[in-house]
Amino acid sequence: MVPLRAFEQGKTRLRSSGHDPAVTELARLLALRTIAVLESVPEISSVLVVTDETGESFAASTKTSVLRESRPAGLNTAVERGLLELGYGARRASADPVRILVLHADLPLVERGEVSDALLAVEELGADAFVADESGAGTTALAFFGGAFRAPRFGPGSALLHRLHGFASLDLPREHGMRRDLDTWEQVSTYLRSPQQAAVGELLARAERSALAHETRSEASPAHLELSSRS
């Protein structure tokens, strides 16, 4: 499951103003890349996008379906709606309950093999689990395995909250792509100095090119946002 905020509303800490076309396009590209990675993972049978975004179909393959939120009420509510849609509550007590991975949509470095390895680690744990972000304070992923229902606890200090509410910590290396989300310009700067610099730089460049093209088509003044060089 990928809970996803409308592109024009997301990435607030990257925006210089409420209307920032390059950041909106960056949010879109990040989401599409994350979903494409999930679609490519053999162990994943289906992908559910829970979103209030109306301008994108998301169905890059037959694996993906979309649950539209007409009245979004935050990340935790979106995840709970997705769990209900997938019939998770009804199937938790069965002999073979459905396994659900909830993954943030803003992971520019995550790769297919990393997701497969994380799913295997969850199976070995045999328990609901969370993945802390690179700082160790936030949460980038939740794995619902089975047993007693645990509500998601996304928000400030979510890693500690998930631990306190019975989610096991999935011990992934700090540089693992599932831990490296993109929320701040400090993270952008760090990624552009990392071995994965080319991939992140291309993503940023594509977002800016698309935004500038949109501004030109709209006969607006081009916004020279210089996404790839901000720090």
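The values are calculated or read from the model by the stated rules, or taken from the named source; none is laboratory data. Owing to the predicted nature of the structure, the values given are computational and were not obtained by experimental measurement. Every residue, glycine among them, receives a Cβ derived from its backbone with ideal geometry; neighbour counts consider all protein chains shown. Areas reflect the complete protein model, heavy atoms only, side chains present, ligands, DNA and RNA absent. Shrake-Rupley method; radii C 1.70, N 1.55, O 1.52, S 1.80 Å.
Summary table
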read-out: Net lengthening on full extension, residue 85/residue 36 (0.36 nm per residue, minus Cα-Cα); value: 15.5 nm
read-out: Sulfur and carbon atoms: percent of accessible area, segment 1-63 [1.4 Å]; value: 49 percent
read-out: Computed over segment 1-152, the ratio Rg/Rh where both radii use C-alpha atoms and Rh is Kirkwood; value: 0.95
read-out: Sites residue 206 and residue 43 - FRET efficiency at Förster radius 35 Å, r taken between beta-carbons, to 0.05; value: 0.75
read-out: Segment residue 189-residue 59, extension gain: residue separation times 0.36 nm, minus the distance between their alpha carbons; value: 43.7 nm
read-out: Nitroxide proxy distance, nm - points 7 Å out along Cα→Cβ at residue 169 and residue 134; value: 1.9 nm
read-out: Å² of accessible area per residue within segment 1-144, as computed with a 1.4 Å probe and no ligands counted; value: 44 Å²
read-out: Gyration tensor (alpha-carbon) shape descriptor, segment 112-154, a/c threshold 1.5; value: oblate
read-out: Rh by Kirkwood over Cα pairs, then Stokes-Einstein D for segment 125-199 at 0.890 mPa s and 25 °C, µm²/s; value: 186 µm²/s
